[in-house]
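This report refers to the structure that appears directly beneath it.
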Amino acid sequence: MTDEIPEAYRIAVSSDDGGPATVFEHLWTPYRMAYIRGEGKPTGEHDCPFCVIPRMDDEEGLVVARGTTVFAVLNLYPYNAGHLMLVPYRHVPDYTDLTADEVAELGAFTQTGMRVVRAVSGAHGFNIGMNQGSVAGAGIADHLHQHVVPRWGGDTNFMPVIGLTRVLPQVLRESRKLLADEWAAAAVPVGEA
């Protein structure tokens, strides 16, 4: 791998007698510094994408389904095809800020999202979770959102790991339509699951 890195980008690391410095190479990602510094991040409800999206039509906002307290939207920068985010309409940062109704609908949307993605794409598994706070990795820490990321056997390869490129087999608008069409058939009203 060292041979593939241009000399201008290599940094000599002194030997530490067979310790980590002799084993690990460094992968520099300076483009991530803008993200770390928070450049371009929303500063409040007026520019929070999760507050703006519900005011858009479904196709433009990539909204898959709307509930009473929560909506499902495709991630504009997905980890995998069909990567959903489940978002409360209220601009709250923490899971403990949700009402009982919001928690119940978020759970129901999680189940429906999994059913829908399985029906449409045959996902083998899912990564489901929320990053609470910017130190935990939340890209938009001020507005709670839960990720539902479909996974398939062998879906991680050299492209994202080495090539810093995600290969997505379908454009977002096509994914949104398939998922939205299936959502109505798969949705179970809260309290009836």
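The values are calculated or read from the model by the stated rules, or taken from the named source; none is laboratory data. The shown structure was predicted, so the numbers you read here are calculated from the model rather than taken from an experiment. Every residue, glycine among them, receives a Cβ derived from its backbone with ideal geometry; neighbour counts consider all protein chains shown. Keep in mind that these areas ignore ligands, DNA and RNA; they rest on the heavy atoms of the full protein, side chains included. Shrake-Rupley method; radii C 1.70, N 1.55, O 1.52, S 1.80 Å.
Worth a mention:
- Qualifying residue in region 82-90 (condition: farther than 17 Å from Ala180 by Cβ, modelled with pLDDT under 95 and in a loop (DSSP other than H, G, I, E, B)): no
- Selection count where residues are in contact with a Gly (Cβ under 9 Å, 6 or more places away or on another chain) and either part of a strand (DSSP E or B) or buried (at least 20 other Cβ atoms within 10 Å of the Cβ) (or both), scope region 50-70: 2
- Selected residue (criterion: least open to solvent (accessible area, probe 1.4 Å)) from residues of region 97-112 that are in a helix (DSSP H, G or I) and β-branched (Val, Ile, Thr): Thr112
- Qualifying residue in region 153-163 (condition: open to solvent by 40 Å² or more (accessible area, probe 1.4 Å), closer than 25 Å to Thr112 by Cα and at pLDDT 85 or above): no
- A count restricted to region 164-175 and to residues that are in contact with a helix residue (DSSP H, G or I) (Cβ under 7 Å, 6 or more places away or on another chain) and at pLDDT 65 or above stands at 1.
- Sole residue being hydroxyl-bearing (Ser, Thr, Tyr), more than 21 Å from Arg173 (Cβ to Cβ) and in contact (Cβ under 8 Å) with a residue 24 or more places away in the chain, chosen from Tyr95, Tyr79: Tyr95
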